[in-house]
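The structure appears below as C-alpha cells.
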Amino acid sequence: MFVSKSMSKNVVTISKDAGVVEARNVMTQNGFRHLPVVDDQDHLIGIITDRDIRSAMPFDRDQSADGSDMKDARVETAMSTSPRAVSPIDTIQDVLLLFQQNRVGAFPVVDDQNRVIGVISVRDLLRAFTNVLGIGEPGVLLCIVVEEKVGQLKRIVDAITEEGISLGSILVARHWDEDKRAVFPYLLTLNVGGVKNKLKKMGFTLMEPLDWTLEQ
C-alpha cells in the first residue's frame, strides 16, 4: 500500500513569516503537533512542532521570561529547516521504518517538485495497517511457532480453512531460535478452541502473542 492511499490530503500549512503564537493557535485548534512550513508556491521549506513552540515559548504565554513580546516571534526562527519528507509512492512499510528511525509523529508528503500534497501520521499508519490486516473485524490472533522449512505455512492455512474459518491476515516473523519462525494468523471467528487443538496435534507450538512479544 502506498502513502498516497493513506495520507491526509487536507493539509494545514503555515508561512515562515507567520507568528509563533499563530502557529501555536493553529495546532491547538486542529489538534496537530506538527505544521509544514511552505513558501508562497507550497514548496516545503521547514516544519514547526509543538516542541519547537515550547522551546520558543517556554512559559506558554505571550511573553518570554525576560518580558519580551512573543507576538513578534516568527515561525522562521523556531522551525526546523531540514525536515524529512516522504513521497506519495513510498510504501507504508517504508514510512513505518522511518517513524521508528526518526521518532517523530508525522511526515509531510511532497511531490516531485517538493510541493506539500499531504501529511502522513502515526495515526494514519495505524489505520492503514488495521485495514490491511483485517483486524477491524472481530476475531482472534494466534501465535504459532514453526520450524523454518518449506510447506509449514501451507499446512497451517489448510488446517484453518478445513475448519471453515476465514483468515483476516497472516504474518510471519523472526523467532529468537534461528531455525524457527513465528506465524500470526488473524482468524475471523471467536471460536478457536477446535483449530488450536488441531494445530497442536499436528505438532505445532502455540504461544500467546503477547508472550512472544515480551520474549522478543
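Being more than 29 Å from Phe99 (Cα to Cα) and part of a loop (DSSP other than H, G, I, E, B) is a condition met by no residue of region 123-139. With respect to Thr161, is the statement that it is surrounded by fewer than 18 Cβ atoms within 10 Å (Cβ to Cβ), part of a helix (DSSP H, G or I) and touching a Gly at 6+ places or on another chain (Cβ under 6 Å) true? No. When Asp17 is tested against the conditions (1) farther than 19 Å from Asp111 by Cα; (2) at pLDDT 90 or above; (3) surrounded by 14 or more Cβ atoms within 10 Å (Cβ to Cβ); (4) touching an Asp or Glu at 6+ places or on another chain (Cβ under 9 Å), the lone failure is (3). Out of everything in region 160-204 that is farther than 12 Å from Gly139 by Cβ and among the small types (Gly, Ala, Ser), what residue ends up being nearest to the chain's Cα centre (by Cα)? Across region 160-204, the extreme among qualifying residues is Ala173. Tell me, please, whether a residue that is assigned to a strand (DSSP E or B) and either assigned by TED's automatic domain parsing to the domain that holds Gln93 or in contact with an Asp or Glu (Cβ under 6 Å, 6 or more places away or on another chain) (or both) can be found in region 189-211. So far as region 189-211 goes, no, none of its residues is assigned to a strand (DSSP E or B) and either assigned by TED's automatic domain parsing to the domain that holds Gln93 or in contact with an Asp or Glu (Cβ under 6 Å, 6 or more places away or on another chain) (or both).
Of note, Val37 satisfies the criterion of being in the same structural domain as Ile117 (by TED's automatic domain parsing), closer than 14 Å to Pro108 by Cα and surrounded by 21 or more Cβ atoms within 10 Å (Cβ to Cβ). Checking Met70 against (1) touching a helix residue (DSSP H, G or I) at 6+ places or on another chain (Cβ under 8 Å); (2) at pLDDT 90 or above: exactly one of these is not met. Which one? Tallying (1) touching a helix residue (DSSP H, G or I) at 6+ places or on another chain (Cβ under 8 Å); (2) at pLDDT 90 or above, Met70 fails exactly one: (2). Of the residues making up region 154-181, those that are out of contact with any Phe, Trp or Tyr (no Cβ under 9 Å at 6 or more places or on another chain) and either in contact (Cβ under 8 Å) with a residue 40 or more places away in the chain or at positive phi (or both) are Gly164, Trp176.
Checking Val145, Val110 one by one, the residue that is in contact with a Leu (Cβ under 8 Å, 6 or more places away or on another chain) and farther than 30 Å from Ile45 by Cα is Val145 and no other.
Could you grab the pairs with beta carbons closer than 8 Å, sequence gap of 6+ or different chains, first residue in region 16-44 and on the phi > 0 side of the Ramachandran plot, second one surrounded by 14 or more Cβ atoms within 10 Å (Cβ to Cβ) and part of a loop (DSSP other than H, G, I, E, B)? Every condition considered, the pairs that remain are Asp42/Thr13.
The values are calculated or read from the model by the stated rules, or taken from the named source; none is laboratory data. Bear in mind the structure is a predicted one, so any value in this text is a computation, not a measurement. Cβ atoms come from the backbone with ideal geometry, glycine included; neighbour counts cover every protein chain shown.
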